[in-house]
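These notes are about the structure you will find just below.
Throughout, read-outs are computed from the coordinates displayed, never taken from laboratory work. Just so we're clear, the structure is a prediction, and the values are computed from it rather than from any experiment. So basically every Cβ, Gly included, is an ideal-geometry build from the backbone, and we count neighbours across all protein chains shown.
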Amino acid sequence: MPPVLVLAGGFLGAGKTTLLLAAARRLGEAGKRAGLLLNDQGDELVDTHFASAAGFPAGQVSGGCFCCHFSDFITAASQFRDIDVLFAEPVGSCTDVAATVLEPLHRLYGRQFRTAPFTVVVDPARLAALDGQPGDVPWLFRNQLAEANILVLSKADLYPDFPPPPNQVVFRVSATTGAGLDEWLHEVLDAEADSDLRILDIDYNRYAAAEAALGWVNWKVQFRAARPLTAASVAGPLLEHLASRAPGIAHLKVFVSSPEGWVKASVCTAGAEPVVEGALDAPPVRSHQIVLNLRAEAAPELLDSLAGQAIAQLPGRATIELRQAFRPGAPRRPLVPLQTPSAV
Ligand SMILES: Nc1nc2c(ncn2[C@@H]2O[C@H](COP(=O)(O)OP(=O)(O)O)[C@@H](O)[C@H]2O)c(=O)[nH]1
Ligand SMILES: [Mg+2]
């Protein structure tokens, strides 16, 4: 049997990776093997390190979205061996996934993958803040919602009673507690593969403007501390320094690892409490690898210099292995939309 390919899109910080890891764990308990395919506009991705550290086969399409790198997506997806389910997470600033990824998947790769209905993961807090908001980024977010076959209202432990949007198949899921996870998994894994795609009529100029509104910063650093430090005592100050200074944060993530263990710390909106996961009790060591991903509605040069300051204030010597700061390039329109698109 070909593996089921489950695409789960949605905005930055919606909870996609956490959901997919929880689902992969749940499948593992049931004797099934799941892999994760992540995606980024840049090259070093906290999510991929996190998924590998959690013990799952993980791959990545970097340097652009699945849609504009469809052949890379197929190559990367084909490299997973002996899996039952492949979860794929497009970049959080991506829309038009139905037309540019799912439609060609159905048409050209139906024998290689059984494609599940398209899930879009939504953070209820961001959805609540969307009401009537003007601008290109809210427009992009609305398009993400409109093309979903299934909406997952994430973080149900925090927002148990959030009202579901009308005219959508909705699941409330907490990846943290596991509530609602089985129901969603059942829906995506057992549904008829060819659920109708919701192909949109996307204005690619506006889409490009929305993507370019975000500054994107990825750093990878080898850090030699002046004295032994735990991963948490590297990640904590780094995150706090940046979270209190970077404007318009959409997602800030730091992954600090050494052979003794790893810690992931993240913030999804300005002013939110950081979430810290991993080996908080790992013994202190001097050598750490730091991977930092920051996406914010601000100039990449500013975000890059703030990242540099945050790393410079750590007590020790940092050797930079990767330093990227940019606005995502304009996405490319698909050549042949097969179904009649609808406007949002
Ligand atoms: N309380 C709570 N937090 C969650 C849940 N799912 C994700 N998060 C947090 O939301 C943030 C963004 O999650 P992530 O999976 O990285 O989002 P992504 O950018 O959509 O992949 C992280 O800090 C997660 O720990 C959940 O079910 N409950
Ligand atoms: Mg993610």
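Listed peptides 105-114, 229-238, 167-176 appear in the order 229-238, 167-176, 105-114 once ranked by packing, highest mean of other Cβ atoms within 10 Å at the front. The Cβ shell under 14 Å around Ile202 holds other residues with a net charge of -2, Lys and Arg each +1, Asp and Glu each -1.
Note on the chain: antiparallel DSSP beta bridges, both residues inside, total approximately 60 percent of the bridges counted.
Average projected area of the Cα convex hull of the stretch 215-326, in nm²?
If I average the Cα hull's projected area over directions, I get 5.7 nm².
For the listed peptides 55-61, 34-40, a ranking on the average number of other beta carbons within 10 Å per residue, highest first, reads 34-40, 55-61.
Would you mind working out the magnitude of the charge dipole of the stretch 4-211 relative to its Cα centre, with +1 at each Lys and Arg C-beta and -1 at each Asp and Glu C-beta, to the nearest 20 Debye?
Charge dipole, the stretch 4-211, about its Cα centre: 340 debye, nearest 20.
Lys pairs in the chain, Cα-Cα under 21 Å, at least 8 apart or on separate chains: how many? Qualifying lysine pairs in the chain: 9.
Under the criterion of Cα pairs below 8 Å and six or more residues apart, the relative contact order for the stretch 6-86 equals 31 percent. Shape verdict for the stretch 2-113, please, from the Cα gyration tensor: rounded (a/c under 1.5), prolate (a/b greater than b/c) or oblate. The shape class here is oblate.
Paramagnetic label reach from Ala226 (point 7 Å along Cα→Cβ; backbone nitrogen cut-off under 13 Å): within the stretch 274-302, no residues.
Beta bridges per DSSP, both residues in the stretch 33-157: antiparallel share near 0 percent.
With the cut-off at 1.5 for a/c, could you classify the chain from its C-alpha gyration tensor as rounded, prolate or oblate?
In terms of gyration-tensor shape, prolate.
For helix 300-312, report the angle its Cα long axis makes with the longest principal axis of the Cα atoms of the chain; keep it between 0 and 90° and round to the nearest 10°. Approximately 40 degrees, to the nearest 10. When both the stretch 225-253 and the stretch 56-94 are represented by their alpha-carbon centers, they are found 28 Å apart. Distance from the alpha carbon centroid of the stretch 117-194 to that of the stretch 15-41 works out to 17 angstrom.
Taking Gln309, Gln133, Gln41 as the candidate residues, the one with maximal mean-square fluctuation in a Gaussian network model of the chain, Cα springs under 10 Å, is Gln133.
Based on C-alpha pairs under 8 angstrom that are at least 6 apart in sequence, the chain has a relative contact order of 20 percent.
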